[in-house]
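Student: Before we start, here is the structure in question, set down as structure tokens.
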Amino acid sequence: MKLLIAYSTKHGTTAACVERLTRALRGMEVHTARLETETPNVREYDLVLLGGSVYFGRFRPALRQFLKENEAALCEKPLGLFWCCGRTEDHEYYGEKLFPRSLRERAFAQIFFGGTLRIREAGLWERILLHSMRSAILESEINDGEYTPTLPTVLPESVDMMATYVREAARRL
């Protein structure tokens, strides 16, 4: 059984999640493809996981193009969908908005992997926006004079849950 994990990433959060997922799936024949540098042939695989980072409310261009060009082929495969996003309160909206309905209806799993705000890796304008987002998150956490920040983070349990769903889907093949 050949498994493809195709993903897109901007600052590396999604890549880190894919690395964890790949480790959790050891013993399986897994090929990872970062869509910014590689365009895999979906038809060569038995099972596909597809996802990426949400960046300013959209997937990266490489993932959007891959979805557009491969939607029909992806509908023929057992499929898992995942996404990373620093705006955790909006994660359900992004899952529904960014993946085509045909894929969402077909997917055996749709899982939000969490996200981070990686300010150091950002360019000047991104840094300004991310600082603003970070400040808004911190301000929203002040409750009755107490400061309890809960900045976005990766959810390793969600990545591990995807690995469990993949193994179940593979057994059904």
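Student: Reachable lysines from K77, Cα under 26 Å, same-chain residues fewer than 8 places away excluded?
Tutor: K2, K68, K97
Student: Run the simple label-point estimate for R58 and E38 please: 7 Å along Cα→C-beta, distance reported in nm.
Tutor: Going from the R58 label point to the E38 one covers 2.6 nm.
Student: A further question on this structure: If R₀ is 35 angstrom, what is the calculated FRET efficiency for the pair C75 and R23, using the beta carbon separation as r and rounding to 0.05? Walk me through the numbers before you get to the answer.
Tutor: Details: r = 29 Å, r/R0 = 0.82.
Between C75 and R23 the formula returns 0.75.
All of the numbers you see were taken from the coordinates with simple rules; none came from a lab. On a predicted model such as this, the values are computed, not experimentally measured, just so you know. Here the Cβ is made from the backbone with ideal geometry for all residues, glycine too, and neighbour counts use every protein chain on show.
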